[in-house]
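Here the structure comes first, spelled out in structure tokens, and everything after it is commentary.
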Amino acid sequence: MTIALRPFSKACNPNKTLNTANLNDRKMYIDFSKVRGSNVIREMERTITLLSDDPTCQLFTGHVGCGKSTELLKLKHNLENQGYHVVYFESSQDLDMADVDITDILLAITRQVSDSLEKGCIRLKPAYFERLFGEIVDWLQTPIELDLEAELSVGIGKVTAKTKESPGLRKQLRQYLEPRTNNLLESINKEFLQPAQEKILGIGKQGQVVIIDYLDR
């Protein structure tokens, strides 16, 4: 019997994240829930679907390479099949994983959710953020072209991109945002996430779910 080593090695690569929404990946997926002692993803899914009228927050962690991303993508696929609007993103896309602050995470979440909603023609512009952008530009004293008529995700993206490439500007931004963390969080919840949930329900979705991967790093 001859074994093709290259496809065999590729199929067994522990660094490859499987996405069960993809038929070929689904063929390689093995359910290890019995070995792990429980089906954590099914439990998380049940918590989300049964308590969808109220916000829930769940932490999913494990050793590096144990399949967390594969399981989270499976959760995303399952929830989308049930009619949920799911925003999945890897935190390393927006964040400097060696230097992260709570305000960095809040802005990254807002940008990713806003970008996902805008692709579905749902545009929200919290008044707090419109004021915040102007104040940030004045505080940083650096040219950032911000169009207040543009999408929220674009504005946040320009600010975070500018500060990500400059540790000095990132430090300045944090100094400005740190005492305003509570106001920022309140605006995200009340002026952004809650109205977004209402619009999502209005177009027939079951609700909104945000999955953030690699945040444990």
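The values are calculated or read from the model by the stated rules, or taken from the named source; none is laboratory data. All values derive from a computational prediction rather than experimental measurement. Only protein heavy atoms, including side chains, enter the accessible area calculation; ligands, DNA and RNA are left aside. Shrake-Rupley method; radii C 1.70, N 1.55, O 1.52, S 1.80 Å.
Name the residues whose placed amide hydrogens come within less than 5 Å of the amide hydrogen of E90, ignoring near sequence neighbours (fewer than 5 apart) on the same chain.
Amide H to amide H, under 5 Å and 5 or more residues apart or across chains, E90 pairs with D213.
Taking every pair of alpha-carbon atoms in the chain, give the share separated by more than 26 Å as a whole percent.
The calculated P(r) of the chain puts 45 percent of pairs beyond 26 Å.
For the range 31-77, what does the alpha-carbon gyration tensor say about shape, rounded, prolate or oblate, given a ≥ b ≥ c as the root eigenvalues, a/c under 1.5 as rounded, and a/b over b/c as prolate?
Prolate is the answer for the range 31-77, as a/c is 1.5 or above and a/b outweighs b/c.
For the chain, calculate the relative contact order in percent as a whole number, restricting contacts to Cα pairs under 8 Å that are 6 or more residues apart.
Relative contact order here is 27 percent.
For the chain, what does the accessible surface come to per residue with a 1.4 Å probe? Please give it in Å².
On a per-residue basis, the chain sits at 61 Å².
What relative contact order, as a whole-number percentage, does the range 95-217 give when Cα pairs under 8 Å and 6 or more residues apart are counted?
31 percent
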